[in-house]
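The values are calculated or read from the model by the stated rules, or taken from the named source; none is laboratory data. Keep in mind it's a predicted model, so treat the numbers as computed, not measured. Counting neighbours? That spans all protein chains shown, and the Cβs are built from the backbone with ideal geometry, glycine included.
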Amino acid sequence: MVNDLMSNEIALLAIFLLSIFVGFEVVSKVSTTLHTPLMSGANAIHGVILVGAIVVADHAQTTLEISLAIAAVILATVNMVGGFVVTDRMLQMFKGKPKQKKVKREDK
Amino acid sequence: MSRNLYDLIGLAAGICFILALKGLSSPKSARKGNLIGALGATIATVIVFLYTNDAKALNNQTLILVAIGFGVLVGVPAARKVQMTEMPQLVALFNGVGGGAAALVALVEYLKLGDEATVAIVVATVFTVIVGCISFSGSIITFLKLQELMTTRPVVFPFGRQIIALTLIGILLSGGWVIASGGTTPLLINGLLSLIFGVLFVLPVGGADVPIVISLLNAFTGLTVAASGYVLQTTLLIIAGTLVGASGTILTKLMAEAMGRSLFGTLFGAFTAKPQQSSGEADTRPFKSGSADDVAILLNYAQRVVIVPGFGLAVAQAQHTVRELADLLSKKGVDVAYGIHPVAGRMPGHMNVLLAEANVPYEQLIEMEEINPTFPQTDVVLVVGANDVVNPAAKNTPGCPIYGMPILDVSLAVNVIFLKRSMRPGFAGIENKLLFEAKTTLLFGDAKDSLTKVVSSLKSL
């Protein structure tokens, strides 16, 4: 039993550490043009705290717990849904032709 | 649904998030990346409802569904209707509510676990409450600053450093109290102090640096989500939260570099800098203001014109008019380009979004490093609603709030035209000496009106 618990903790720690490296690696080089949408997209991703909010709302028993959990569900939904929608709106505008710019650079 | 299946699907959602961030880092795949992220989030949300011990509905399921519906009703219209110019503050607000949600999640789980919580869980709970509350109140202040509901200048108060340090000590002590003896009261005190700290921590940050703070708070919220994932023993939350925390930290660093700022200087600069007399004495030299016709003539006989758009252009909704002007000049054989400062607008890349919205051809948008060497061969620079990004004070006035920020060297051009509403300084609140140079012509008025007048007098030339 104790062993099981230990290995679970270590597994979570491994996931945590590996995720740090993945997070660093994935955005290590990104042009300033995309900083704003990237920030907004990452912002939407942490809206997945909605999952946590639903789990605690399921556990909640007293009125206080239920009210706080439901408030968390509302806030998390706003974060997640609003975040993805606003990022998509921003990115719609990038339909432009980034290829042409490269061609122009090679001309010089 | 078995726990294993649930965890496997959760892992798939986590991979969606990695692919989303990867996609968002390149212009071609950015939109697809965001949609993959939304897919991952949807999968993650749906499977929570399906995963119960014996296939029953969740407790409080109706309430939860109503709450989600309400959240969608608030979030989607806000995201759809917001003006592109006001988008940075909306992102700040979304980030703040996310941090608040994470703090509430940890709080509720703590209330429920009571004495059953292990030390590690309590530590994670305290961390979530502290950082979640800081992110929440800090984001609200950035929102107020960007919406200009409060001053955009750094707010420095007497004994600021000491007060902030005391609040921080209070947070640590009350956090230790929670860990040592448990109970709800110390945790609430801890949360309250953290809320106050969030406010104090953002107040001294100058307007131009606010985007860096939003990005930092975004990374904070990511870490909060990861910690609450530990409290709930949910792998997906740990993955998603840590990803955002790590990538957000790198992004914050990249942004700070693009603005030529050190992160430390941004956050604590207002306290370490000596009190400044609004960056030097006010300039009393006369300035030259011209009419739309003067501007049109200057532009008409130029060979090369560079347009430097700033936030004022976006506020006046003049993107389309400026494109009309550029098209007209191109037709007359003038070489036209846009010089885009990395932080033109309110956030890095913001101006690119705003001009793309007005269908300005992508290839005319030239980044700062590329356009700077061309200014000496430029006849006219047309600065529309920008100020700080062309302010030479960033180069030659050590100690001013934007000192060290790379700028567009428009002063090297033969003529500079500023379209401005007034002599009021820019967002960072610093006077621009360039306005008083002999080569500078000022055209006062709303950017859109001014541009429309210039376009019509150009047509009649």
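Below are the figures for this structure:
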| read-out | value |
| --- | --- |
| Which numbered condition A:Ile10 fails, given (1) assigned to a helix (DSSP H, G or I); (2) facing chain B (nearest Cβ under 7 Å); (3) without any contact (Cβ under 8 Å) to a residue 24 or more places away in the chain | (2) |
| Test result for B:Val178, loosely packed, with under 14 Cβ neighbours inside 10 Å and either more than 22 Å from B:Asn218 (Cβ to Cβ) or at pLDDT 85 or above (or both) | no |
| Positions within the range B:1-39 being among the polar types (S, T, N, Q), over 17 Å from A:Thr36 (Cα atoms) and either part of a helix (DSSP H, G or I) or touching a residue at least 40 places away in the same chain (Cβ under 8 Å) (or both), in sequence order | B:Asn4 |
| Verdict on B:Ala165 being modelled with pLDDT of 95 or more and under 32 Å from the mean Cα position of the chain (by Cα) | no |
| Filter result (among the β-branched types (Val, Ile, Thr), surrounded by fewer than 23 Cβ atoms within 10 Å (Cβ to Cβ) and out of contact with any strand residue (DSSP E or B) (no Cβ under 9 Å at 6 or more places or on another chain)) within the range B:299-344 | B:Val315, B:Thr321 |
| So B:Ser247, is it more than 14 Å from the chain's Cα centre (by Cα), part of a helix (DSSP H, G or I) and in the same structural domain as B:Val91 (by TED's automatic domain parsing) | yes |
| Number of positions in the range B:64-107 that are under 30 Å from B:Leu355 (Cβ atoms), more than 8 Å from chain A (Cβ to nearest Cβ) and in a helix (DSSP H, G or I) | 8 |
| Hits in the range A:59-76 (condition: of a type in the set (A, V, I, L, M) and not in a helix (DSSP H, G or I)) | A:Ala60 |
| Helices (runs of 4 or more DSSP H) wholly inside the range B:300-391 that include at least 3 residues being over 24 Å from B:Met87 (Cβ atoms) | B:319-331, B:368-371 |
| Complete set of residues in the range B:21-35 that are more than 8 Å from chain A (Cβ to nearest Cβ) and either among the aliphatic types (A, V, I, L, M) or buried (at least 17 other Cβ atoms within 10 Å of the Cβ) (or both) | B:Gly23 |
| Filtered residues of the range B:60-74 (kept if over 24 Å from B:Phe94 (Cα atoms) and either β-branched (Val, Ile, Thr) or modelled with pLDDT under 85 (or both)) | B:Thr62 |
| Single residue of the range A:14-63 satisfying the filter (more than 7 Å from every other protein chain (Cβ to nearest Cβ) and modelled with pLDDT of 90 or more) that is surrounded by the fewest Cβ atoms within 10 Å (Cβ to Cβ) | A:Thr63 |
| Candidate set: the range B:40-63, residues that are more than 7 Å from every other protein chain (Cβ to nearest Cβ), among the β-branched types (Val, Ile, Thr) and assigned to a helix (DSSP H, G or I); chosen: the one farthest from the chain's Cα centre (by Cα) | B:Thr62 |
| All positions within the range B:57-109 that are over 19 Å from B:Ala41 (Cβ atoms) and charged (D, E, K, R) | B:Lys81, B:Glu86, B:Glu109 |
| Verdict on B:Ala394 being within 14 Å of chain A (Cβ to nearest Cβ) and over 17 Å from B:Ile417 (Cβ atoms) | no |
| Residue list for the range A:52-85, filter: more than 18 Å from B:Tyr110 (Cβ to Cβ) and either touching a strand residue (DSSP E or B) at 6+ places or on another chain (Cβ under 9 Å) or not aromatic (Phe, Trp, Tyr) (or both) | A:Ile74, A:Thr77, A:Val78, A:Asn79, A:Met80, A:Val81, A:Gly82, A:Gly83, A:Val85 |
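Rundown of residues vs (1) of a type in the set (Ser, Thr, Tyr); (2) crowded, with 24+ Cβ neighbours inside 10 Å, yes/no style:
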{"residue": "B:Ala44", "(1), (2)": "no, yes"}
{"residue": "B:Leu50", "(1), (2)": "no, no"}
{"residue": "B:Thr62", "(1), (2)": "yes, no"}
{"residue": "B:Gly100", "(1), (2)": "no, yes"}
{"residue": "B:Val108", "(1), (2)": "no, yes"}
